[in-house]
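As structure tokens, the structure follows; a few thoughts come after it.
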Amino acid sequence: MTLLRWINFKSLGDERGGLVALELGIGKTIPFNVRRVYYIHRTEQGVSRGFHAHRNLEQVVICVSGKCRIVLDDGSRREETWLDSPLKGLLIGNNTWRELHDFSPDCVVLVLASEHHDASDYIRSYEDFLEQARDG
Ligand code: TYD
């Protein structure tokens, strides 16, 4: 099964421009209760971000402007894709290593998260991540 789980959003845009509405809650567009929203913007050229996994956090990442490349890794395989459309979100589950690269200057990545920020939920060492993935 692929690590790249996309959620396609309905476009409500018309001749005036684009519009996307995300309904929150189980059974709606986003399949978990959203407790936190953040966005990454103004990333300096040549900078990569992420390089961590979360033990208990679901996220949907949406590139609402520009583009960047995302790498997902579950400890046994690594897949990558471009985030380049405001019409779809990438669902990232627990225990998934993520890296974001090649941000365009206008890139804005909106993230919907299932939990409040918790520094202790991060796995920031790739070696620790691999060890935990191996141990299940
Ligand atoms: P971090 O998750 O390390 O960002 P990235 O993986 O994109 O490089 O977050 C950077 C800093 O911001 C770090 O000190 C934690 C803090 N932070 C919060 O306080 N709340 C949040 O919701 C997020 C995502 C980060």
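In segment 126-134, the condition of being among the hydroxyl-bearing types (Ser, Thr, Tyr), over 15 Å from the mean Cα position of the chain (by Cα), over 16 Å from ARG36 (Cα atoms) and within 16 Å of the ligand (Cβ to nearest atom) is met by at least one residue. Residues considered: ARG98, ARG124. Of these, the only one that is touching a residue at least 40 places away in the same chain (Cβ under 8 Å), in contact with a Gly (Cβ under 6 Å, 6 or more places away or on another chain) and under 18 Å from ILE40 (Cβ atoms) is ARG98.
Quick grid of which residues meet (1) charged (D, E, K, R); (2) closer than 17 Å to PHE9 by Cβ:
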{"residue": "LEU72", "(1), (2)": "no, no"}
{"residue": "ARG98", "(1), (2)": "yes, no"}
{"residue": "LEU110", "(1), (2)": "no, yes"}
{"residue": "SER125", "(1), (2)": "no, no"}
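Pull up segment 97-125, narrow it to residues that are out of contact with any Asp or Glu (no Cβ under 6 Å at 6 or more places or on another chain) and of a type in the set (Ser, Thr, Tyr), then point me to the one that is farthest from PHE32 (Cα to Cα). Among them, the one singled out is SER104. Going by the structure shown, is ALA133 out of contact with any Pro (no Cβ under 9 Å at 6 or more places or on another chain), part of a helix (DSSP H, G or I) and surrounded by 15 or more Cβ atoms within 10 Å (Cβ to Cβ)? So ALA133 passes the test.
Read-outs throughout are calculated quantities, based only on the coordinates presented, and are distinct from any laboratory measurement. Because the structure is a prediction, the values reported are computed rather than measured. For neighbour counting, all protein chains shown are included, and Cβ atoms are generated from backbone atoms with ideal geometry for every residue, glycine included.
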